[in-house]
Amino acid sequence: MKRLARAYRSAFRWLQVHRNTLRNSALALAIFFAALFCTQWWDFTVPSLGRGEYQAVFLTNGQAYFGRYYDRMGAYAKIEDVYYLQQTAASDPSQAADTRLVRRGKELHAPSSRMLVPKSAILFVEDLSDASPIAQFMKQDRQ
């Protein structure tokens, strides 16, 4: 019994001596897990007021994507409900190529309808007006 009481007093003394260290360690762990949660599962998008419903995103490699553009904190921007232009060569060389708007996700590898694009690859972003044929097609396709 004396042994148990001595062990209990020793443990209690150790807790009193190391109380600040334990509190600081617990606080550091809580901050670490909160930061991990925020950076991994929270989408840090910068709010933008007065923008159009859809945007055209032009990349430095010549590609253009259409959808809902979100400027995120960090190195990547997000585009949701992504569409792109696909050109099919005409069988007759004198005719112009056939161009159509394709919703991303209908490809063979079936990607999701959102994509992250490195901000360094974005040349510029433009709002699409409601009168734009592309915006009208996208609204119609979503219904």
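The values are calculated or read from the model by the stated rules, or taken from the named source; none is laboratory data. Quick caveat, the model's predicted, so the values are computed rather than measured. Because the Cβ atoms are built from the backbone with ideal geometry, glycine has one as well, and the counts that use them run over all protein chains shown. The area values use the complete protein model at the heavy-atom level, side chains included, leaving out ligands, DNA and RNA. Shrake-Rupley method; radii C 1.70, N 1.55, O 1.52, S 1.80 Å.
Structure notes:
- Between amide H atoms placed 1.01 Å from N, distances below 5 Å from Val82 occur with Arg104, all of them 5 or more places distant or on a separate chain.
- Shape of segment 49-143, Cα gyration tensor, a/c cut at 1.5: prolate
- Inter-label distance, nm, simple model (7 Å from Cα along the C-beta direction), Leu15/Lys106: 6.6
- Solvent-accessible area, 1.4 Å probe, carbon plus sulfur percent, for the chain: 58
- The chain: relative contact order as a whole-number percent, Cα under 8 Å and 6+ apart: 21
- Between helix 19-41 and the chain: long-axis angle, C-alpha atoms, 0 to 90°, nearest 10: 10
- Phi-based couplings in Hz for segment 62-69 (Karplus 6.51, -1.76, 1.60; Gly and Pro marked x): x, 6, 10, 10, 10, x, 9, 8
- Cα-based reach from Lys106 at 20 Å (exclusive), listing lysines while leaving out same-chain residues under 8 positions away: Lys78, Lys139
- Per residue accessible area in Å² of the chain, where ligands, DNA and RNA are left out and the probe is 1.4 Å: 76
- Nearest 10 degrees, 0 to 90: helix 133-142 Cα axis against the chain principal axis: 60
- Helix 2-17 and the longest principal axis of the Cα set of the chain meet at an angle near 50°.
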